[in-house]
Structures are given as structure tokens and as C-alpha cells.
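A short worksheet on the structure shown next.
The values are calculated or read from the model by the stated rules, or taken from the named source; none is laboratory data. These numbers come from a predicted model, not from an experiment. Positions of Cβ are generated from backbone atoms using ideal geometry, with glycine treated the same way; all protein chains shown enter the neighbour counts. SASA here: full protein model, heavy atoms, side chains in, ligands and nucleic acids out. Shrake-Rupley method; radii C 1.70, N 1.55, O 1.52, S 1.80 Å.
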Amino acid sequence: MTSARRAVAIDPGTKNLGFAIFDPDGGRIVACGCSRSDGARPMDHGQAIHLATILPIESAHVESMRWRPRDARSQPNDLLDVQTVGLLAAHYSGAWRIETLEPQEWKRTLPKAIHHTRLVAALEPGETEILERAVDAAGANGKEVLDAVGIALYVSGRIDAAGRTMKK
């Protein structure tokens, strides 16, 4: 008999970090939320993720960013801070394996509004309730939760990079 496992998808941020805990085999979302921290304390984020599940976290899938020298908003130190928080939060969550993926890999350049609408459509009724509670609790930071759920659905093969539901 195989023991139950969990995976976590992380949309990192130094102050607000979105996460979605899911079954790595079927991709079912079992919990999601937004961890808030007044400073860049990745241990706080990791502990929030760890407390959201009673089962061991097998793998973490962390969104990574790339420095774009021609984009004035893309500051190397800021990106390094965010990436470090994401990876350390994954570590503190207890994940055995940590993988990174760039936004272009899991959501391309699709506008958030379209991508989020598509990923919500890919959810089952129980998952929709889990997401709605998490987004309500996150308030203005609900987009971080939605991105983490999008990463989880993409990693588990339930949606493609354009957020479209994959056929079973």
C-alpha cells in the first residue's frame, strides 16, 4: 500500500507568498492560501505551508524569475530576494524535492485575468470552494493564491500553459 503524498506550488514574494498544496498524482487541490510576513522571513512562509497539511510534502514547485536587463522593473536584487524566499519557504515546508519553473513555462504571456478564469474553470466543485475561501482570506493578495493554484494544475498536467483544461 502506498502512503498518501502531497506537493506544494509556490508563487513567491517577500511579503506575500501564495501556495497550493495538491496531490502530485491526480493534481487535486487540497489546500491553498497566502502567507503574509512583515519582512523577508522565509521560515514564516514555510511554516504556514507546513501547517496547512498533515501529510509529508514530497515536492515543491517554485516559480522563478529571470532578470531582464532591458526592463527597468526587473531589478536583480529584488528578484534574488523573491527567489531566495521562495526556495527557502519550500525548504522550510519540509519538501523532499524542490523544482523551479519560470512564468513563461506555466502561463506564457497570457494576461492574468484570462489565465485565472481558465484555471478556475478547470477546478472541481470541492476545489473551487477551497480556492474561494483562500482568495477571500487573502483579499488583495488573492492573485498570489491563484498563481500558486495555476502552477499546481500545470505541474500535475491538468491545464496547459495557456490555462486550458487538459483532456483526461
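Checking the range 7-15 against the condition returns no match, with no residue being of a type in the set (Lys, Arg), more than 21 Å from Thr84 (Cα to Cα) and at pLDDT below 90. For the range 63-75, indicate whether the set of residues that are within 28 Å of Ala122 (Cβ to Cβ), among the aliphatic types (A, V, I, L, M), modelled with pLDDT of 65 or more and out of contact with any strand residue (DSSP E or B) (no Cβ under 8 Å at 6 or more places or on another chain) is non-empty. Yes, because at least one residue in the range 63-75 is within 28 Å of Ala122 (Cβ to Cβ), among the aliphatic types (A, V, I, L, M), modelled with pLDDT of 65 or more and out of contact with any strand residue (DSSP E or B) (no Cβ under 8 Å at 6 or more places or on another chain). When the residues of the range 36-59 are filtered to those that are open to solvent by less than 10 Å² (accessible area, probe 1.4 Å) and at pLDDT 80 or above, the one that is farthest from Glu99 (Cα to Cα) is Ile57.
Applying the criterion of being more than 15 Å from Gly27 (Cβ to Cβ) and touching a residue at least 60 places away in the same chain (Cβ under 8 Å) to the residues of the range 91-137, the residue that is surrounded by the fewest Cβ atoms within 10 Å (Cβ to Cβ) is Ala137.
For the range 15-38, residues that are part of a loop (DSSP other than H, G, I, E, B) and either more than 16 Å from Ala138 (Cβ to Cβ) or not hydroxyl-bearing (Ser, Thr, Tyr) (or both) total 8.
Here's the yes/no breakdown for (1) at pLDDT 95 or above; (2) assigned to a helix (DSSP H, G or I):
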{"site": "Thr109", "(1), (2)": "no, no"}
{"site": "Leu123", "(1), (2)": "yes, no"}
{"site": "Glu132", "(1), (2)": "yes, yes"}
{"site": "Gly139", "(1), (2)": "no, yes"}
{"site": "Val149", "(1), (2)": "yes, yes"}
{"site": "Ala161", "(1), (2)": "no, no"}
{"site": "Lys167", "(1), (2)": "no, no"}
